[in-house]
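Asks: Got a structure for you, questions after.
The values are calculated or read from the model by the stated rules, or taken from the named source; none is laboratory data. Since the model is a prediction, treat every value here as computed from it, not as a measurement. Cβ placement follows ideal geometry from the backbone for every residue including glycine, while neighbour counts extend to all protein chains displayed. Calculation scope for accessible area: heavy atoms of the full protein, side chains included, ligands and nucleic acids excluded. Shrake-Rupley method; radii C 1.70, N 1.55, O 1.52, S 1.80 Å.
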Amino acid sequence: MARTILVKKDVMKICTVTTSTPRFEDDNRSPFILDLATALMNQGNEITIITMHSPGLPIKDKIKGVPIWRLRYATESKERLDLTRAGIPAAWRSSWTTGFFLVKLLLAFTSYLIKNGKNYDLLHANWTIAGLAAVLSKPFHRRPVILTLHGSEVYATQKVWGLRKITRWILNNCDHVICVSNALKDEVVALGVSETKITVIPNGVYTLDSLPQNQAKGQTILFVGSLTEQKGVKYLLEAFADVNRSFKNSRLRIVGEGPELKNLRAQVQQLKLQEKVLFEGVLAHSKVAEVMQTSSMFVLPSVNEGFGVVLLESLANGLPAIAFNSGGVKDILNGNSGILVEPKDVQQLATAIKRLFIDKVLYDNLRKLGFQKAKGFSWDIIARKVSEIYVSVLEGNETRD
């Protein structure tokens with residue numbers, strides 16, 4: 001049944017609770033959290049972000065006009081949950097103490113929401129740790145809870161014993177669940193959550209008025225993202241070794257950090273590609289657009305991707321994209337807006353890359369179609385969809401009360 005959206009209240013006071021958010025204005029840590037907050041503020045809402053503290057940062061801050069409270073969960077020397085861009089999942093794999101600090105972070109979030117949740121109209125949590133805190137504190141503030149799932153936390157339920165039941169309980173005790181892709185929605189339904197309380201709203205992207213000119217020199221392949229096993233960069237390196245045998249001037253740029261960096265460097269040496277592969281580390285978020293506009297194509301070889309907002313960024317910058325057909329990627333690279341290949345199929349990936357180097361007509365068509373596709377994901381459009389969910393949940397909550 002279609003949801004009826006009534007008149008939106010003049011100002012909604014929203015508390016965004018999240019385990020990851022940019023540490024400063026041009027940071028690359030989950031920039032979509034801050035981008036949505038600013039878009040919602042531009043539409044007349046009041047947004048406050050509650051997140052975990054990071055070493056060297058103030059407790060109370062404001063970025064792009066959005067108030068941010070960073071809650072301490074340890075002394076600064078032990079704050080390691082967001083040590084890399086890969087966030088909590090990377091911290092979990094790096095140390096057995098992560099679980100202890102996760103409990104402390106959960107307690108910090110829950111305590112804050114017990115004391116201050118009533119000051120907001122609605123709590124919007126991101127990822128399940130924040131969602132659990134919002135749900136546990138709900139008897140004290142009695143405010144509706146919306147939870148956005150981004151993928152990693154849901155896919156982790158397949159690997160960690162007991163996590164599936166906990167995640168199901170969290171989701172079923174939220175008032176509404178937002179999934180960033182249709183594939184993620186299917187996973188959540190399979191967990192045992194009613195489809196009627198789930199809405200698919202992807203992350204957004206900043207769009208340009210016209211297709212930017214591609215400034216690539218030579219044949220440059222680009223990857224941007226966390227260097228984790230899930231991102232599948234090892235498959236890209238294998239494919240690139242094949243590509244480079246046919247295209248001697250081709251180059252691969254890898255932008256990002258993460259626990260797989262050491263292994264990937266070793267793989268490059270084994271493949272004798274040291275002069276062809278450039279590890280560029282972490283770049284400021286604004287610099288990524290420049291890198292995209294000076295590259296030939298973007299490749300995302302993730303074997304399990306919740307959505308793939310970096311694909312949107314590549315399309316919005318006029319950069320043709322190739323990706324493994326995993327998770328929510330098909331929501332972006334469908335309708336001839338990009339090239340999808342089977343996950344872990346190195347030969348198919350190499351063939352797709354070579355095809356883009358050779359077929360100029362296909363290349364130009366993908367640039368145009370991809371750019372138009374990205375326009376449908378502008379932050380203004382996405383924020384309006386999220387606002388509609390807010391209004392619907394608030395009205396439903398008033399009816400129940």
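Asks: Could you tell me which of the residues LEU57, LEU105 is outside any loop (DSSP other than H, G, I, E, B), surrounded by 12 or more Cβ atoms within 10 Å (Cβ to Cβ) and at pLDDT 90 or above?
Replies: Among LEU57, LEU105, only LEU105 is outside any loop (DSSP other than H, G, I, E, B), surrounded by 12 or more Cβ atoms within 10 Å (Cβ to Cβ) and at pLDDT 90 or above.
Asks: For LYS375, state whether it is farther than 28 Å from THR199 by Cα and either surrounded by 16 or more Cβ atoms within 10 Å (Cβ to Cβ) or at pLDDT 95 or above (or both).
Replies: On the way: farther than 28 Å from THR199 by Cα: no; either surrounded by 16 or more Cβ atoms within 10 Å (Cβ to Cβ) or at pLDDT 95 or above (or both): yes.
Criteria not met by LYS375.
Asks: When you check PRO67 against the structure, is it surrounded by fewer than 16 Cβ atoms within 10 Å (Cβ to Cβ) and either at pLDDT 95 or above or among the aromatic types (Phe, Trp, Tyr) (or both), yes or no? Working first, answer last.
Replies: Details: surrounded by fewer than 16 Cβ atoms within 10 Å (Cβ to Cβ): yes; either at pLDDT 95 or above or among the aromatic types (Phe, Trp, Tyr) (or both): yes.
So PRO67 passes the test.
Asks: Which ones in segment 321-350 are in contact with an Asp or Glu (Cβ under 9 Å, 6 or more places away or on another chain) and surrounded by 21 or more Cβ atoms within 10 Å (Cβ to Cβ)?
Replies: Matches in segment 321-350: ALA323, PHE324, SER326, GLY327, GLY328, VAL329, LEU349, ALA350.
Asks: Sort out for me the strands (runs of 3 or more DSSP E) sitting completely within segment 290-401 that have 1 or more residues that are under 21 Å from the mean Cα position of the chain (by Cα) and among the aromatic types (Phe, Trp, Tyr).
Replies: On the way: elements: 297-300, 321-324, 339-341.
Result: 297-300, 321-324.
Asks: Return yes when LYS330 is at pLDDT 95 or above and either among the aromatic types (Phe, Trp, Tyr) or on the phi < 0 side of the Ramachandran plot (or both) and no when it is not.
Replies: On the way: at pLDDT 95 or above: no; either among the aromatic types (Phe, Trp, Tyr) or on the phi < 0 side of the Ramachandran plot (or both): yes.
Taking the combined requirement at face value, the residue does not satisfy it.
Asks: What pairs come out if I take residues in segment 25-51 that are on the phi > 0 side of the Ramachandran plot and pair them with residues that are in a loop (DSSP other than H, G, I, E, B) and not acidic (Asp, Glu) whose C-beta lies under 8 Å away, six or more apart or interchain?
Replies: Listed pairs, sorted by first residue: SER30/SER20; SER30/THR21; SER30/PRO22; GLY44/VAL11.
Asks: Let me ask you something else. Consider segment 201-229. How many of its residues are in contact with a Phe, Trp or Tyr (Cβ under 9 Å, 6 or more places away or on another chain), open to solvent by 30 Å² or more (accessible area, probe 1.4 Å) and over 17 Å from SER295 (Cα atoms)?
Replies: Number satisfying all stated conditions: 4.
Condition check ((1) open to solvent by 10 Å² or more (accessible area, probe 1.4 Å); (2) part of a helix (DSSP H, G or I)) across all residues:
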{"site": "VAL154", "(1), (2)": "no, yes"}
{"site": "TRP161", "(1), (2)": "yes, no"}
{"site": "ARG164", "(1), (2)": "yes, yes"}
{"site": "TRP169", "(1), (2)": "yes, yes"}
{"site": "CYS174", "(1), (2)": "no, no"}
{"site": "VAL177", "(1), (2)": "no, no"}
{"site": "LYS185", "(1), (2)": "yes, yes"}
{"site": "ALA190", "(1), (2)": "yes, yes"}
{"site": "THR199", "(1), (2)": "yes, no"}
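Asks: Output the number of the condition that VAL145 fails; it satisfies all remaining conditions of (1) at pLDDT 95 or above; (2) open to solvent by less than 20 Å² (accessible area, probe 1.4 Å); (3) under 21 Å from ASP82 (Cα atoms).
Replies: (3)
Asks: Further question on the same structure: Residues of segment 344-372 being closer than 30 Å to ILE201 by Cβ and either touching a residue at least 60 places away in the same chain (Cβ under 8 Å) or of a type in the set (Phe, Trp, Tyr) (or both), which ones?
Replies: Initial filter on segment 344-372 (closer than 30 Å to ILE201 by Cβ): 344, 349, 352, 365-372.
Listed by number, the residues that qualify are LYS344, LEU349, ARG367, LYS368, PHE371.
Asks: Let me ask another. Hey, could you check segment 151-173 for residues that are in contact with a helix residue (DSSP H, G or I) (Cβ under 6 Å, 6 or more places away or on another chain) and without any contact (Cβ under 8 Å) to a residue 40 or more places away in the chain and say which is farthest from LEU184 (Cα to Cα)?
Replies: ASN173
Asks: Keeping to segment 131-144, report how many residues are within 12 Å of LYS118 (Cα to Cα) and out of contact with any His (no Cβ under 8 Å at 6 or more places or on another chain).
Replies: At the first step, the residues of segment 131-144 found to be within 12 Å of LYS118 (Cα to Cα) are 134, 137-144.
Subsequent filtering for residues that are out of contact with any His (no Cβ under 8 Å at 6 or more places or on another chain) retains 134, 137-143.
So the answer is 8.
Asks: Still on this structure, please answer the following. Tally time: how many residues in segment 235-259 are in contact (Cβ under 8 Å) with a residue 40 or more places away in the chain and either of a type outside the set (Val, Ile, Thr) or assigned to a strand (DSSP E or B) (or both)? Spell out how you get there, then give the answer.
Replies: Taking segment 235-259 as the starting set, the residues that turn out to be in contact (Cβ under 8 Å) with a residue 40 or more places away in the chain are 235-240, 242-243, 246-247, 250, 253, 256-259.
Subsequent filtering for residues that are either of a type outside the set (Val, Ile, Thr) or assigned to a strand (DSSP E or B) (or both) retains 235-240, 242, 246-247, 250, 253, 256-259.
Going through segment 235-259 one residue at a time, the tally reaches 15.
Asks: Same structure, new question: Kindly indicate which of GLY258, GLY232 is on the phi > 0 side of the Ramachandran plot, modelled with pLDDT of 95 or more and surrounded by 18 or more Cβ atoms within 10 Å (Cβ to Cβ). Spell out the reasoning first.
Replies: Values: GLY258 fails: modelled with pLDDT of 95 or more.
So the residue among GLY258, GLY232 that is on the phi > 0 side of the Ramachandran plot, modelled with pLDDT of 95 or more and surrounded by 18 or more Cβ atoms within 10 Å (Cβ to Cβ) is GLY232.
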